[in-house]
Amino acid sequence: MAKKLMKGCEAIAEAAIQAGCRYFFGYPITPQNDIPEYMSLRLPQVGGCFLQAESEVAAINMVYGAGGAGARVMTSSSSPGISLKQEGISTIAGAEVPCVIVNMMRGGPGLGNIQASQGDYFQAVKGGGHGDYRCVVYAPSSIQETVDLMPKAFDTADNYRIPVIILADGLIGQMMEPVELHMNPNPVLPEKPWAAQGWDPKGTRPRAVINSLYIETEDLDGLMTRLNARYDVIREKEVMVEKYHTEGAEYILCAYGTVARVCKAAVRILEENGVKAGLVRPITLWPFPTKEVHEVFAQESVKGGLTVEISNGQMVEDIRLAVNGIKPVEYMGKGGSVIPSAEDIAERIMQMRRA
Amino acid sequence: MATVFKKTPVLTDVPFHYCPGCGHGIVHRLVAEVIEELGIQEKCAGVAPVGCAVFLYNYMNIDMYEAAHGRAPAVATGFKRVHPDKYIFTYQGDGDLASIGTAEIVHAAHRGEKITTIFINNAIYGMTGGQMAPTTLVGQKTTTSPLGRDPEHCGKPIRIAEMLSTIEGSAFIARCALNSTPNIIKTKQAIKKAFQAQIDRKGFSMVEILSPCPTNWGKAPGEAMQWLEDNMIPYYPLGTFKEV
């Protein structure tokens, strides 16, 4: 299919439909309203259902109900709305129900602003809701990459029965880029015999109980052991990372999402000035590319690194854990939706070089 | 020998965990019998609440969900939108439905969501140990209204059936009680009508059931039934509030 100029939110919505998503439950919040708006028109055309819920809390519980009924289901929101969904995300994780959640991050805390931000890294990657669980978190840096990740997001959710978060900053949702969609009018979806769908007492399928309550200690321990084993497989198999000009580099930039694109421009500026720099861009924030980041920094050529974020420094903690003290890692960024320029980033590396 | 009574196959063989004199066991059986009599066991799912009936999923021989506190109508909505040809009910107490889950129940009714809600009103929080509910009567002592509910401080009890009957999307709304055999029979009839409203795709249906909680009311089972009759029924009138 030829490339088409599309707004990020609309491209994501269409990509979800092409990935077999037929159910969407959501609540309006800026800057992601184009997703529910698009879904409200498109889903009925493909035999699906869009429903505007009374709240984010209700929306995520509808997602739980639909995902537990075996459907490919999605919700989207932006930071304050994602906070409201956390009770449901924790329930979904504990009940082992697959779903996809898009967060078009805006500035916080509280109501913050409606500009792009990366302030929800901790919330998405480290938990968000209560209890001991993980979500797979994809952090695309372009509309094309987001579209490419959507089928993978739904497959990962189904394969591991886990909530999957697309963690994008508001820029991804609001900008327009040429994009190639992967049209798939009849997606083949996996069987879900565990789902609630009406139970035949004479049949072979066990009765479905979609549940996150395990009142006996040994039963909850059983869930935790099962989840942990699954998380280990995900850590082993699902890490995605882009390494850009890292081989033999002197300085390593670390960034995800839109900021990583600015960092690529900074790498080119530095190279033009005779400084060998590279970029490590985690595409999965959980599982985090710990081993890959460490390997890049372990190169003899590397003197240090700089993590750039539209936050007061969140991913930098995971980068430092990965680097484990073998090289210095500095942080650059701002919390208030201020995106550093390529020139500023390059200048910061030059300063580190002079120090 | 002729069989005069048989447990419905829609109930599992797991023994109920309820206190002596609790109404949940009666209502579980009524719901299960209605599902059997309507012949919808294989097409029906249920949503258990947070509250004393949290283990409903162990007792019903159908596909079940457990929902977070108050969220059962939203969970049922998700199921129903995926399987519009199947049936689903939520089973909720007064803390669940009338306090933390008011938004979910009001909007399920408002959408005319084709689901059925069984609402147990026992005027108290049972599982957490007898705290005040929105349905606690004026003057009623609970662990968080130790001197009795003071309407100046926290209002008067909320009448859910009346409220939901004003919503356009509701198709069948009734209030029943478990205080006598005739009323238990009426409760079953109302539950059947509520499920029938869902089967006929008329809209949202709910049966509110006044039910005793002897343990947290600090009464013997017999006294609790009498207290329900003397105190709850005058404030919460029985009857059908809406039938489309």
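Just so you know, all these numbers are worked out from the coordinates, no wet-lab data involved. Being a predicted model, the structure only gives us computed values, none of them experimental. Neighbour counts are summed over all protein chains in view; Cβ atoms, including those assigned to glycine, are modelled from backbone coordinates with ideal geometry.
Could you work out how far helix A:79-94 tilts from the main Cα principal axis of chain A, as a 0 to 90 degree angle to the nearest 10?
The two axes meet at around 60 degrees.
Given the options A:Ala95, A:Ala16, A:Ala208, which has the most mean-square fluctuation in a GNM of chain A, springs set between C-alpha atoms less than 10 angstrom apart?
A:Ala208
Compute the helix-to-body angle for A:56-68: its Cα long axis versus the longest principal axis of chain A, expressed 0 to 90° and rounded to tens.
60 degrees
How would the range A:1-74 be classified by its alpha-carbon gyration tensor: rounded, prolate or oblate, with rounded meaning a/c under 1.5 and the a/b versus b/c comparison settling the rest?
Oblate is the answer for the range A:1-74, as a/c is 1.5 or above yet b/c matches or exceeds a/b.
Computed on alpha carbon atoms, what radius of gyration and Dmax characterise the range A:110-152, expressed in Å?
Gyration radius and largest Cα-Cα distance of the range A:110-152: 12.9, 34 Å.
Where the Cα atoms of the protein assembly as shown are projected onto their three principal axes, how long is each span, largest first, in whole Å?
95, 55, 43
Report, in degrees rounded to the nearest 10, the 0 to 90 angle that the Cα long axis of helix A:217-237 makes with the longest principal axis of chain A.
50 degrees
Over the range B:93-166, what relative contact order in percent results from Cα pairs under 8 Å that are six or more residues apart?
Relative contact order, the range B:93-166: 26 percent.
Output wanted: per-residue J couplings in Hz (rounded whole) for the range B:43-50, from phi through Karplus 6.51 cos²θ - 1.76 cosθ + 1.60, θ = phi - 60°, x for Gly and Pro.
Ordered by residue, 3J(HN,Hα) equals 10, 10, 10, x, 10, 7, x, 9 Hz.
For A:Glu238 and A:Asp132 in one chain, what is 0.36 nm times their gap in residues minus the Cα-Cα distance, to one decimal in nm?
Gain in length upon complete extension: 36.2 nm.
Projected onto the charge dipole of the range B:34-93 (+1 at Lys/Arg Cβ, -1 at Asp/Glu Cβ, origin at the Cα centre), which of B:Phe89, B:Gly70, B:Ile40 gives the Cα projection farthest towards the positive end?
The residue sitting most towards the positive pole is B:Gly70.
Once you charge only the Cβ atoms, +1 for Lys and Arg and -1 for Asp and Glu, what is the size of the charge dipole of chain B about its Cα centre, to the nearest 20 debye?
320 debye
If you take every DSSP beta bridge whose two residues both sit in the range B:24-243, what share of them, in percent to the nearest 5, is antiparallel?
Taking every DSSP beta bridge with both residues in the range B:24-243, the antiparallel ones total about 15 percent.
From the Cα gyration tensor of the range A:244-288, with a ≥ b ≥ c the square roots of its eigenvalues, which class applies: rounded if a/c is under 1.5, or else prolate if a/b is larger than b/c, or else oblate?
oblate
Per residue of the range A:282-287, what does 6.51 cos²θ - 1.76 cosθ + 1.60 with θ = phi - 60° give for ³J(HN,Hα)? Whole Hz please, x for Gly and Pro, Karplus curve as stated.
Here the 3J(HN,Hα) series is x, 9, 9, 8, 9, x Hz.
Under Stokes-Einstein, with the Kirkwood radius over Cα pairs standing in for Rh, what whole-number D in µm²/s applies to the range B:114-232 at 25 °C and 0.890 mPa s?
It diffuses with D of about 162 µm²/s by this estimate.
Which one, B:Ile199, B:Ala123, A:Ala229, is farthest towards the positive end of the dipole of the protein assembly as shown when Lys and Arg carry +1 and Asp and Glu -1 on their Cβ?
B:Ile199
Let me know the mean shielding of B:34-45 by other chains, meaning the per-residue number of their Cβ atoms within 10 Å of its Cβ.
The per-residue average across the peptide is 2.
List the residues whose amide H sits under 5 Å from the amide H of A:Glu330, counting only those 5 or more places along or on another chain, with H placed 1.01 Å from N in the peptide plane.
Close amide H contacts, sequence-distant or interchain: A:Gly305, A:Leu306, A:Thr307.
If I take every Cα pair under 8 Å that is 6 or more residues apart in chain B, average their sequence separation and divide by the length, what percent do I get for the relative contact order?
Reported relative contact order: 19 percent.
I need the per residue convex hull volume for the range A:5-161, using only the alpha carbons, in cubic angstrom as a whole number.
99 Å³
Among A:Cys49, A:Cys263, A:Cys135, which one moves the most in a GNM of chain A with springs linking Cα atoms closer than 10 Å?
A:Cys49
Under 25 °C and 0.890 mPa s, how fast does chain A diffuse according to Stokes-Einstein, given a Kirkwood radius computed over C-alpha pairs? Answer in µm²/s, whole number.
Taking Rh from Cα pairs, D becomes 117 µm²/s.
Where is the GNM fluctuation largest for chain B (alpha-carbon springs, 10 angstrom cutoff): B:Val14, B:Val54, B:Val75?
Judging by the Gaussian network model, the answer is B:Val14.
Tell me the relative contact order for chain A as a rounded percent, counting alpha carbon contacts under 8 Å between residues six or more apart.
17 percent
Out of A:Gly170, A:Ile319, A:Gly131, whose Cα points farthest toward the positive end of the dipole of chain A (charges: +1 Lys, Arg; -1 Asp, Glu; placed on Cβ)?
A:Gly170
Starting at the first residue of the range A:201-209, write each ³J(HN,Hα) from the Karplus equation 6.51 cos²θ - 1.76 cosθ + 1.60 with θ = phi - 60°, in whole Hz, x for Gly and Pro.
Each residue's phi maps through the Karplus curve to give x, 8, x, 9, 6, x, 4, 7, 10 Hz.
If you take all C-alpha pairs in the range A:104-200, what percent of them are over 20 Å apart?
53 percent
Please report the spacing between the Cα centers of the range B:23-89 and the range A:113-158 in Å, no decimals.
So the separation of the two Cα centres works out to 33 Å.
Enumerate the whole-percent occupancy of each 5 Å bin, from 0 to the last occupied one, for all C-alpha pair distances of the range A:198-342.
Whole-percent P(r) values from 0 Å outward: 2, 9, 16, 16, 14, 10, 7, 6, 6, 5, 4, 3, 2, 1, 0.
To one decimal place, what Kirkwood hydrodynamic radius in Å is obtained for the range B:52-119 from all pairs of distinct Cα atoms?
12.0 Å
What number do you get for the range A:163-225 when its Cα radius of gyration is normalised by 2.2 N^0.38 Å, N = residues?
Here the Cα radius of gyration is 1.89 times the empirical estimate.
By its C-alpha gyration tensor, with a ≥ b ≥ c as the square roots of the eigenvalues, how is the range A:276-355 shaped: rounded for a/c under 1.5, else prolate for a/b larger than b/c, else oblate?
Oblate.
Excluding residues on the same chain fewer than 8 positions from B:Lys188, give the aspartates and glutamates whose Cα lies under 19 Å from its Cα.
Straight-distance partners of B:Lys188: B:Glu33, B:Glu36, B:Glu37, B:Asp200, B:Glu208, B:Glu229, B:Glu243.
Using only the Cα atoms of chain B, what are the Rg and Dmax in Å?
Every Cα atom of chain B included, Rg and Dmax give 16.9, 61 Å.
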